[in-house]
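Data block below; observations after.
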Amino acid sequence: MTVELPGLPPLTWTHGEGRHHGEGDALVLTSDAEVDWSNDATGAPASHTSTSLSFEIDEPFQLVALVSVDSPRTTFDAAVLTLWVDEDCWAKLCFEYSPHGEEMVVSVVTDRFSDDANGPVVLEGSVWLRVSSLPAGAYAFHYSVNGTTWHFVRQFRLSTSTRPRVGFMSQAPMGPAATSRFSQISLVREQLADVRDGS
């Protein structure tokens with residue numbers, strides 16, 4: 001199944017067909033129960049049960065969206081921007097619900113095993129997320145609380161010569177479902193001027 005969104009290349013699902021609908025300018029994704037992407041660094045069984053609605057792009061890009069997750073939230077549920085090559089090579093930038101009941105920015109980069117890092121707590125109930133391509137096959141994650149001033153999360157490379165698919169995902173590793181909202185989506189087809197200050 002192919003999904004069309006204004007300003008984006010055609011989107012398809014990475015792991016079987018997910019649930020989506022539109023609400024005004026928003027893309028709404030509802031996960032299945034207990035779904036996630038995780039290649040646990042301690043050697044626990046990997047999970048690739050969630051699905052990303054994603055597209056292919058060969059040119060420089062910045063994918064931006066204002067994201068939120070409907071209440072009530074369960075631990076680790078998240079609205080996510082994704083990069084996917086295969087089960088051992090992927091990355092995600094999440095607006096995730098922590099075990100302490102806090103909404104926060106979380107990033108995961110996977111090269112066989114996942115490097116999982118918590119970022120700042122977000123108090124506004126929503127946050128802007130951005131994934132950007134960089135020269136030499138690198139990528140960057142940023143977040144913003146106002147859509148204007150961007151904060152650096154991380155810069156990284158994926159160990160592959162294949163360009164990853166770029167997209168959107170809703171995950172609920174410990175819950176019955178998560179409904180994630182992605183609004184004010186934009187795809188800028190150019191590279192960042194300065195990865196550190198986010199400009």
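Sorting 20, 151 by the number of Cβ atoms found within 10 Å of their own Cβ, with the fewest placed first, yields 151, 20. For the range 42-99 versus the range 153-199, the spacing of their alpha-carbon centroids is 7 Å. Rounded if a/c is under 1.5, else prolate if a/b is larger than b/c, else oblate: which is the chain, with a ≥ b ≥ c the root eigenvalues of its Cα gyration tensor? Taking the square roots of the gyration eigenvalues as a ≥ b ≥ c, the chain is rounded. Ordering 93, 63, 134 from the fewest to the most neighbouring beta carbons within 10 Å gives 134, 63, 93.
Going toward the positive end of the dipole of the range 12-188, with +1 on Lys and Arg Cβ and -1 on Asp and Glu Cβ, which of 27, 160, 80 do you reach last? It is 160, whose Cα lies furthest towards the positive end.
Counting other Cβ atoms within 10 Å as a rough exposure proxy, the listed residues 1, 169 run 1, 169 from fewest neighbours to most.
Peptide packing for 176-185, 42-51 was compared via the average number of neighbouring C-beta atoms within 10 Å per residue; ordered from the highest value, the list is 176-185, 42-51. Under the criterion of Cα pairs below 8 Å and six or more residues apart, the relative contact order for the chain equals 30 percent. Between residue 59 and residue 160, the modelled labels are 2.2 nm apart [label points 7 Å from Cα along Cα→Cβ]. When the chain is treated as a GNM with alpha-carbon contacts under 10 Å, the residue of 16, 175, 24 showing the greatest mean-square fluctuation is 24. Loop-resident GluC sites (Glu not before Pro) (DSSP state other than H, G, I, E or B) in the range 100-177 with no more than 10 further Cβ atoms inside 10 Å of their Cβ: 124.
Values in this text are rule-based calculations from the coordinates and carry no lab data. Fair warning: this is a prediction, and the values are worked out from it, not measured in the lab. All Cβ positions, even for glycine, are placed from backbone atoms using ideal geometry, and neighbour counts span all protein chains on display.
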